[in-house]
1. Applying a 10 Å radius around every beta-carbon, put 382-391, 324-333 in order of their mean neighbour count, most first.
2. If you add up the charges near Asp319, with Lys and Arg at +1 and Asp and Glu at -1, over every other residue whose beta carbon is less than 14 angstrom from its beta carbon, what do you get?
3. Dipole size in debye (nearest 20) for the stretch 452-586 around its Cα centre, Lys and Arg Cβ +1, Asp and Glu Cβ -1?
4. With a/c under 1.5 counting as rounded, go ahead and sort the stretch 446-577 into rounded, prolate or oblate using the C-alpha gyration tensor (a ≥ b ≥ c being the square roots of the eigenvalues; past the cut-off, prolate if a/b is larger than b/c, else oblate).
5. At a Cα cut-off below 15 Å, give the aspartates and glutamates reachable from Lys462, other chains included and same-chain residues fewer than 8 away excluded.
6. Name the aspartates and glutamates eligible as straight-distance cross-link partners of Lys380: C-alpha to C-alpha under 18 Å, and not fewer than 8 places from it in the same chain.
7. Would you work out if the chain is rounded, prolate or oblate? Take a ≥ b ≥ c from the square roots of the eigenvalues of the alpha-carbon gyration tensor; rounded if a/c is under 1.5, else prolate when a/b is larger than b/c, oblate otherwise.
8. Using only DSSP helix segments of four residues or longer, with each worth -39500 (n - 2.57), what per-residue ellipticity at 222 nm results for the chain after dividing by its residue count and rounding to 500?
Amino acid sequence: MDPFALFAGQVRDIVAALVRSGALKDTPDTSKIVVEPPREADHGDLATNAAMVLAKGAGIKPRELAVMIAHKLLDVPRVLQAEVAGPGFINISLEPGFWLDALGAALKAGQDFGKSNLGQGEKVNVEYVSANPTGPMHVGHGRGAVFGDALANLLAFTGHQVTREYYVNDAGAQVDVLARSAYLRYREALGEKIGAIPEGLYPGHYLKPVGAVLAQAHGKALLGKPEAEWLPVVRAAAIDAMLKLIRDDLAALNIKHETFFSERSLIADGQDKVAATIETLRKAGQVYEGRLPPPKGQLPEDWEDREQTLFRSSAFGDDVDRPLKKSDGSYTYFASDIAYHRDKIERGFTTLIDVWGADHGGYVKRMQAAVAALSAGKVKLDVKLCQLVRLLRQGEPVKMSKRSGDFVTLREVVDEVGLDPVRFMMLFRKNDAALDFDLAKVIEKSRENPVFYVQYAHARGKSVLRNAKEAFPQIELSPTGLARAPLERLADSGELALIKKIAQWPRLVEAAAGAHEPHRLAFYLHDLASEFHSHWNSGNEVPHLRFIIEDDAPLTLARLTLVCGVVLVLASGLAILGVGAPEEMR
């Protein structure tokens, strides 16, 4: 049960009744009505903006409409008060028994509590990581990986049909640099002294195994051959090795993609999907031959005043039209990306989510313009930018790595602190905000460490349930047993606050899924854990508030029902985030 959705429906019914009665002359758009927790707990249980968003369309003052709605709300079962506040907000107070019923409904739903059919089976493509296959992933890649994976979990939890995709950039100049770097390690594996790695090549030790594999497979056969002959062979071997390395790094974070899409496949087997895409857009009048005006300010060195093939992206909200071909006739990266997104659309996806690094911010408008043009505006592209991660140890920057040569790899971080701290802390800040990741602080066993604080709340709840079983062996903690609990015994303000927090879970999940913001779950779980720990501490100070009352089995059962509700939501939320929910912590 979602109390907020339930009462949003009640408010809409009231508005419809006011229209039917003639109290409102026009039928307003009720889609923007929101029912949410009030900002202050003493303002009631629910708050709605209904009068504020409907007044203009209804041709009436907000406060006047609020009074009308509030009066009708008093007739809704279990509503104790409905008061107008400020310019027209409505605060609603409910009978305590309503929240007890909400707790019972949550326990009855079990692992399905919070699940919804919000997506109605919509096909969603979430493309994330997509790091160039030129070496191990760094911590910045890890943030995008965790964000994309948690978002995919969240969308699946809310009824979307999700595909997790990795776009392999295996057709650009960077993979030729990779091949030349691997060829150097191949020569080294054959006993040659290669000295210092030349400028422009990848220096990391991770390419040594690639050189060894090439030496074993080809012996000295590649030596002395022209680059044009050995480059394709070495490039293919190096890309395969780097993709295996990347998959292994992702597996350390429990991340798996269903699809690895090769950029090189866009032009393969006698097909040129990039050319076909350009031609499709040309026929629609969205590609033309023309000249671009010089950019404002200082001219970049690569700007050319020449006639070229341009996509009319300015017609779809971009700042300027964009080139599709370079001066040598080859395709721009943008042209290949358009063809790739066309492939996604042709596969039937109606929402595309791309998770990119912050340095791609200037690329967003043109890509959204391309998707709008390719789909006639029917497919939405939502680009999520993940800001930089600053790696620290006790507040001091960490930069060096033996494995990569110039940056700390993601795998090194996971191996040092563990999967759970990496995943949770990557989500405990909004994706478009910079993140400080302190290797020492994320493994502290203290309330200042969010991941420990949340996991400890789950383990503490499990401990309560185990201890209760020892004190009351006859207590049945199954859904059937908990259904018999006298929940009316839960009358303390702290207990009711916890119940209300649990009841927010379905609304929170839908809102996070709708906004594509999994960090909201991490914030909520931390708040729930904080309230649970606070109530635990109250029991230490005031014994009659403890969860287990040895001479009162019915009250204990009621409180165990509350503990089960907390544990249920914590476990569910941590699972969506891809973080473990430990049974015990020491």
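Each reported figure results from applying straightforward, stated rules to the coordinates on display, with no laboratory input. Note that the structure is predicted; figures quoted are calculated from it, not measured. Because the Cβ atoms are built from the backbone with ideal geometry, glycine has one as well, and the counts that use them run over all protein chains shown.
1. Result, highest mean Cβ count within 10 Å first: 382-391, 324-333.
2. +3
3. Roughly 220 debye, rounded to the nearest 20.
4. Working: a/c = 1.97, a/b = 1.65, b/c = 1.19.
It comes out prolate by the Cα gyration axes.
5. The reachable aspartates and glutamates, counting only those whose Cα sits under 15 Å from Lys462, are Glu470, Glu476, Glu583, Glu584.
6. Glu122, Glu127, Glu165, Asp318, Asp337, Asp343, Glu346, Asp354, Glu517
7. On the way: a/c = 2.83, a/b = 1.50, b/c = 1.89.
Oblate, since a/c reaches 1.5 and b/c is not below a/b.
8. Working: 19 runs with 277 residues, N = 586.
The helix contribution divided over the chain gives -15500 deg cm²/dmol.
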